[in-house]
Structures are given as structure tokens and as C-alpha cells.
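The values are calculated or read from the model by the stated rules, or taken from the named source; none is laboratory data. In this text the structure is predicted, and so the values were computed from the model without any measurement. Cβ placement follows ideal geometry from the backbone for every residue including glycine, while neighbour counts extend to all protein chains displayed. Accessible surface is based on the protein model in full, side chains and every heavy atom, while ligands, DNA and RNA are left aside. Shrake-Rupley method; radii C 1.70, N 1.55, O 1.52, S 1.80 Å.
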Amino acid sequence: MSGNLLEIKDLVVKYYTLSGIVRAVDHVSLSIRPGEWLSVVGESGCGKSTMAYSIVRLISPPGRIVGGQILFNGRDLLSMKPKEFRKILGREIGVVFQDPMTSLDPLRRIGDQIAEVYITHLGMKKKEALEKAGEVLERVGIPRDKINAYPHQMSGGQRQRVAIAIAVALKPKLLIADEPTTALDVIVQDTIMDLLESFKEEGTSILFITHDLALAAERSDRIAVMYAGKLVEEGPVEEIVENTLHPYTQGLLRSVPDLWGPKKIESIPGYPPDLRSPPPGCRFHPRCKIADDTCRRQEPVLNCVGEHCIACHKAGELLKR
Amino acid sequence: MGKKGLGYYIVVRALMIIPTILILYTIVFILLRILPGNPILAVVGTRNIPPEQLKHLEHLAGLDKPLIVQYFDYLWNVLHGNFGVTLASPMGVPVINYIATRFPATLELAIWGFSFSVIIGLVTGMIAALRKGGKIDTGMRLYSIIAYTLFIPWFGMILQYVFGVVLGVLPTGGRIDPRINLHTITGLYVLDSILTGNIPALISSIKHLILPSLTLGIVLSGAYTRLVRNNMVDVLSMDFIRSYKARGIPGYKITWYALKNAFIPVITLMGLQFAILLGGAILTETTFSWPGMGTFIVDRIEYRDYNSIQGAIIFFAFFVAVISLIVDVIYALLDPRIKY
């Protein structure tokens, strides 16, 4: 499909640990269109963050990108020279990390840290860059006079705003947000989500990594669900929430608490598999209620009906129901 | 800064030096009196001297006064900047005269040894961290442990043997070639040579400094290697380093930011090491016949020269306390998170 901002094709990432090879991302393909919000949902260790860090080449040993392509505006990010790639990082692709308490340098004023991206990428003078830093601080809802503050003088929510300010300072085409609200309380979480959405409205595509399907459902255009290093279901948000097909996604939805409904929270039994030796066949079969012999033997492939894609042998059956 | 600010902190820390030194003086005073003999007996030795004359000498030295009076007399003098006079061989020389010539020698050795230890420690630690897990890393860590456990006189003698005896390129003792005439201003020979434009003195004093300060520097560098390596490894794995990478910041800048963060705990170690350094200087001085405070104290202990030992140790302690205060202030200025 052309017209995509980002296209991940058949990505494979492995961690070569002493106790075995972990297949963290196993032949995953995904794409994001310009101005779209795509959320990748999954449990801890399902490979969603590894996938996101592959885009910005932040996989460090023992991890290694073993196969696949990542096309950004048609150019393969993985084969770019480091120097060339650095020009895209921070300028066309911004990243916001999970823990705002540790993602800023404790020894430098936040203004300097914001200004640095203007100086590095646009060659601005310090004074001009600080002026711009003040503007972008205000844009993320922090008073300009905080420019001389150190990270430790701010709250978690404020720091995350600063981190977002740095990520969006140069109006990137893609913003990768790796669980940016997980370390924050619910009220702050909501304001951060509003902030991210406002950048989407300005045309930035957002790749949102989260374990919280309900949170993803509120804001996304599309949702991709990952399980044990594999993409299991992907589609427009209404499709995923209202016409859930994959037993794992259904399980995730059932485990979301509902304040108003009489719904009982159900958890998915069992644990995600050890990715050093994933189960044969469908990786979800040991925890799946409807698994049969085929599921235990044969690995399902991703099939799409319209925009809704699913990797499950039972998809046909589920559709009929 | 907290409500009370750095100035308040400095004053409090400075005031705390007083009880520290008082306690130290008390311990030294008691220890010296527990040692058998006294300055007069040390000088007299095995010679036969009439008891009346002995009594007279002890009276001259003030040793016939009750201990408690001796304790406060000396304290009173020190408070007035008077470190007393030597009690033995020679007798009656103001202790401050010795300190004035001996202390710069120790300071010079300490500064050089300190610089060697920090430079060696920073370089080895940084290389180890950047090559974490590799052979170089293992080698550096091994170096750190070996250096840390070296015994100064033993290691000093090996250096003396190799460079002084076998290769014959460096002197094995003293501060400067005795045939060279150097006009002293600060008592730091290298600095004085530069100030007076005395090239032969400069070369000679540097040559004399290399072995003792390298001995001291290598032994003390082990702790830095370890600390710098571990801090650097920690900092390099921190989220903000990853954030820098994700912003397209060039690698050399990131290494610099990492080093700055890794350096903060090293400053604390510097303050602590400076005290150890002066202790190590005593061993180094005796090994290299370096005419500093260390050899002075050792020499005076032989004579049970109470005043000299007390004076030298109080002076030393005061100096260490001031250095450690300065280090803490630097620490506070470098790390914006420190509050008082």
C-alpha cells in the first residue's frame, strides 16, 4: 500500500541471551498513514516496545534486528548510514518514553535540553533556540518561565510534557510514544493524551505503544494487537472493539473494568509463553478456550477481510457467529 | 538550594571542624602519653645522667606539670596559632618552622599523586565502561583490584629498583638535586622553579617527583577505576541517554553528558581519597626519603617529641577538613539536585 508514512515489513528482532535466543518480534508487518493514530497493544514482553525501538534503531546488544525492512517515506531506515539516520531522528521522528522521571538529563536545565534539538538539527544559535524552546514549552502547557528549571524541580506530568516538547519541537511527521502515561496518575494521563491528540490534529502520525486496550480504544484510528512477538489482530478501532475476532483480543477486552456496566472482570488464564521456546502452532493455543488440533500444530497466518486482519485458524468460525 | 542556602551550609560545616580536631587532638595526646618514655629520656638514651639534671630538663620542657595542665596549655597555644617548640633534638625550635618547610613538600607530592590517580582512574574506568563485558574491561577491573591492594613501600621499591637502579633514569629519593640552588617562594619546587625561571631546578624537581607520585597515584587510582567504570556503565544504561540518542544528538556529546553524570560520585570519592592520600603520602615519603610531613612525624615519634607530633597532626587534620569542605561545595555547585 503506497501513501504510507511508515511501513514495517516482515520485521524480525532477536535477543541473543546466555539462556537462549529470544524471538521478541517475529515477522511483524505494520503500516501507519500520514496523520493517523495507530496503537499497538499487548502484554509486557509481547515485543511491542522492541518493535517501536527498532524503528529508531535503539535496539542494543544482545538484541539485534535480524530481518525485515522499515520504510519511512519510502526510504529504508535500517540500511541508512548512522549519520544520515541521525538527521531523521529527533527531526522527522520524535520519541517519548515511558518514565518521565528518568528520561531527562538530571544535570541540565530543561530549556537547554529542548534548545539542543534546534541547535543540532537546524543549526540555530543558542539564544534563538532558547526562544523557540520557550514557545514549545508553552505549546505543551508549561509556563515559559520554567525554562531554567531542572528536571527534579518538576512533577512527573510536567516532565512528560517536557519530554513531549522535545519530541515535537521540530514538528516531526511521526511521534512514537512508548507507554507515555503508564507512570502517571489517571488525571494527568488524560491531559497527556489530550496533548498527544492535539499534535495528531496538526498532522503528526502517532504510534502509541500501550498495554491498555481501553486507553488505546479512546483515541486511536487503528489498533494492532501483539501477542508473543506476533501480530494477532489489526484493524480500525471500531472493528477491533465492536467486532473483536481474536480470542486474545476478546480476552483483553473482558479484562477491562467497566464502571457502569454489570460486567465481571475476567482475566486470561495462564501466562504469555517463554519466547526462547514458543509453543508450536498458534502461540496463544495453551491459553485459548477454543483451540483445537490445528491450532496446536499449525501456525496461523494473518488474513484480512477489508481492513480487519486476524491471525487465527478459527477466524472463519468466529466471523459466522 | 534550600531555604538556608549554601552560605549557611559552609558555616555549619566549618564549625564542625572544631570538634573534629578537638577529638583528634585528645586521642593523639593520650596515645603519646601512653607510649613508654618521654622526649628527655629519648634524647638521653642509655647515658647516665644525674636524676636532678633529668628533673631539671623535664621541668624546662614542661613535662613535670600535671597531664591535664599540659593538655590545656598546648590547646591554648594552638588556639593562638602557636604549635609550640620542639622538645628534643634539637630542642626549642618552633614547630611551625618545620611545618613551613615540610608541608609544601607533602602538598606537592599529594597534588601530583592525586592528579595521577584521578587521570589514570578516569581513563581506565571510562575505557572499561565503553568496552563493557570485553577483555579490556576485564583487564581494567583486574588492574583496579591489584592497584588497590598494592602495598606502597613494596611497590615503591620495585619502581625504585626498575627506574632508579636497572634503568638509572630517575632518582630514587629526595626532592631535588642537592647541587641545584633553588630560591623557594611557595615551597612547591615545581612552581618555584617556574616562578624563578630556573630550568635545571624544574627538570630536577619533576624527575624527583615522578616515582613517588606515580607510586601514590597508581595505588590510589584503583578505587577511581572501579567507581568511574561502574558509574559510567550505570549512566550509559539510563533512560536519558537513550532519549538523547532518539533525538539525533551526536555520540560524542552523549558520551560527554554521560561522563558528567558519572563524575558526580567521583567527586565525593576525591574528598575521601584526599585524606587517604595524605596517609599514603607518609608511607611514600618514608620509602622515597621525601622530606615532608610524613617523614617528619615518623622521625619525631622516635624522639617522643609531643609538641611536634601534636602540632603536625592538628595542622594536617585541619588541612584535610578544609579540603573535604571545598570538595563538598564543588559537589553542590555541580549537582543541581543537592539541597542543604
Review point. Taking only Cα atoms, what is the 0 to 90° angle, nearest 10, from helix B:306-334's long axis to the longest principal axis of chain B?
Key: 20
Practice item. Choose one of B:HIS59, B:VAL78, B:TYR8: the residue whose Cα lies farthest towards the positive end of the charge dipole of region B:1-78 (beta-carbon charges +1 Lys, Arg; -1 Asp, Glu; about the Cα centre). Key: B:TYR8
Practice item. Might you report the magnitude of the Cβ-based charge dipole of chain A about its Cα centre, with Lys and Arg at +1 and Asp and Glu at -1, to the nearest 20 debye? Key: 1000
Check your understanding: Which whole number in µm²/s is D for region B:102-289 by Stokes-Einstein, with the Kirkwood Rh taken over Cα pairs at 20 °C and 1.002 mPa s?
Key -> 119
Point to revise | Alpha carbon centroid spacing (whole Å) that separates region A:83-143 from region B:247-297 | key: 35
Check your understanding: Per residue, how much accessible area does the protein assembly as shown show when a 1.4 Å probe rolls over the protein heavy atoms, in square angstrom?
Key -> 48
Check your understanding: Given H placed 1.01 Å from N in the peptide plane, which residues other than close sequence neighbours of A:SER31 have an amide H under 5 Å from its amide H?
Key -> A:ILE8
Check your understanding: With N residues in the protein assembly as shown, what two-decimal value do you get for its Cα radius of gyration over 2.2 N^0.38 Å?
Key -> 1.36
Check your understanding: Once phi is turned into ³J(HN,Hα) by the Karplus curve 6.51 cos²θ - 1.76 cosθ + 1.60 with θ = phi - 60°, what whole-Hz value does each residue of region A:60-67 show in order, with x for glycine and proline?
Key -> 10, x, x, x, 8, 7, 9, x
**Study point:** In region B:1-81, trypsin sites (Lys or Arg not before Pro) in a DSSP loop with at most 13 other beta-carbon atoms within 10 Å
**Key:** B:LYS3, B:LYS4, B:ARG47
Exercise for review: Considering only protein heavy atoms, with the full assembly of protein chains and a 1.4 angstrom probe, order A:CYS46, A:CYS288 by accessible area, largest first.
Suggested key: A:CYS288, A:CYS46
Study note, to complete from the structure: Dividing the alpha-carbon radius of gyration of region B:158-244 by 2.2 N^0.38 Å, where N counts its residues, gives 1.65
Practice item. Check each of the trypsin sites (Lys or Arg not before Pro) in region B:167-260 and keep only those in coil by DSSP with at most 16 other C-beta atoms within 10 angstrom; list them in order. Key: B:ARG179
Check your understanding: Kirkwood Rh, Cα Rg: Rg to Rh for chain B?
Key -> 1.05
Practice item. Sort B:ILE23, B:ILE282 by accessible area with a 1.4 Å probe, largest first. Key: B:ILE23, B:ILE282
Check your understanding: Over all Cα pairs of chain A, how is the pair count split among 20 Å bins, expressed in % and running from 0 up to the last occupied bin?
Key -> 31, 56, 13, 0
**Study point:** Amide H contacts of A:ILE206 (H built 1.01 Å from N, under 5 Å, at least 5 apart or other chain)
**Key:** A:GLU36, A:TRP37, A:LEU38, A:LEU175
Revision key, fill the gap. Longest principal axis of chain B (C-alpha) makes with the long axis of helix B:67-79 (C-alpha) an angle, in degrees to the nearest 10, of 60
Review point. To the nearest 0.05, how large is the calculated FRET efficiency for B:GLU52 and B:SER89 if R₀ is 25 Å and r is the Cβ-Cβ distance?
Key: 0.70
Practice item. For the pairs A:LYS132/A:LYS171; A:LYS48/A:LYS264; A:LYS83/A:LYS132; A:LYS83/B:LYS245; A:LYS14/B:LYS245, note any where the Cα-Cα span goes beyond 19 Å. Key: A:LYS48/A:LYS264; A:LYS83/A:LYS132; A:LYS14/B:LYS245
Practice item. Give the accessible area for A:LEU275 in Å² (nearest 10); use a 1.4 Å probe, count only protein heavy atoms, and leave out ligands, DNA and RNA. Key: 10
Revision key, fill the gap. Residue-normalised 222 nm signal for chain A, counting each DSSP H run of n ≥ 4 as -39,500 (n - 2.57), nearest 500 deg cm²/dmol, is -9000 deg cm²/dmol
Point to revise | Exposure ranking of A:GLU242, A:GLU179 by accessible area [1.4 Å probe, largest first] | key: A:GLU242, A:GLU179
Review point. Residue by residue through region B:9-22, which ³J(HN,Hα) values in whole Hz follow from phi under the Karplus form 6.51 cos²θ - 1.76 cosθ + 1.60 (θ = phi - 60°), with glycine and proline marked x?
Key: 4, 4, 4, 4, 4, 5, 5, 5, 5, 4, x, 4, 5, 4
Review point. Any idea what angle helix A:126-139 forms with the longest principal axis of chain A, computed on alpha-carbon atoms, 0 to 90 degrees, nearest 10?
Key: 50
Exercise for review: Compute the relative contact order of region A:147-261 as a whole-number percentage, counting only Cα pairs closer than 8 Å that sit 6 or more residues apart in sequence.
Suggested key: 18
Study note, to complete from the structure: Once amide hydrogens are built 1.01 Å from N within the peptide plane, the residues lying 5 or more places from A:TYR227 or on another chain with amide H under 5 Å from its amide H are A:VAL232
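Only sites in a loop by DSSP and with at most 11 other Cβ atoms within 10 Å count here; which GluC sites (Glu not before Pro) in region A:176-208 make the cut?
Those satisfying the criteria are A:GLU202.
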Point to revise | Note, ³J(HN,Hα) from phi for region A:279-296, Karplus 6.51, -1.76, 1.60, rounded to Hz, x at Gly and Pro | key: x, x, x, 6, 5, 8, 4, x, 10, 8, 6, 10, 5, 10, 4, 4, 4, 6
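Provide the buried accessible surface between chains B and A in square angstrom, both chains summed, 1.4 Å probe, rounded to the nearest 100.
Using a 1.4 Å probe, the pair buries roughly 2100 Å².
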Review point. Using only helices, what value at 222 nm comes out for chain B when you add -39,500 (n - 2.57) per DSSP H run of length 4 or more and divide by the total residues, to the nearest 500 deg cm²/dmol?
Key: -25000 deg cm²/dmol
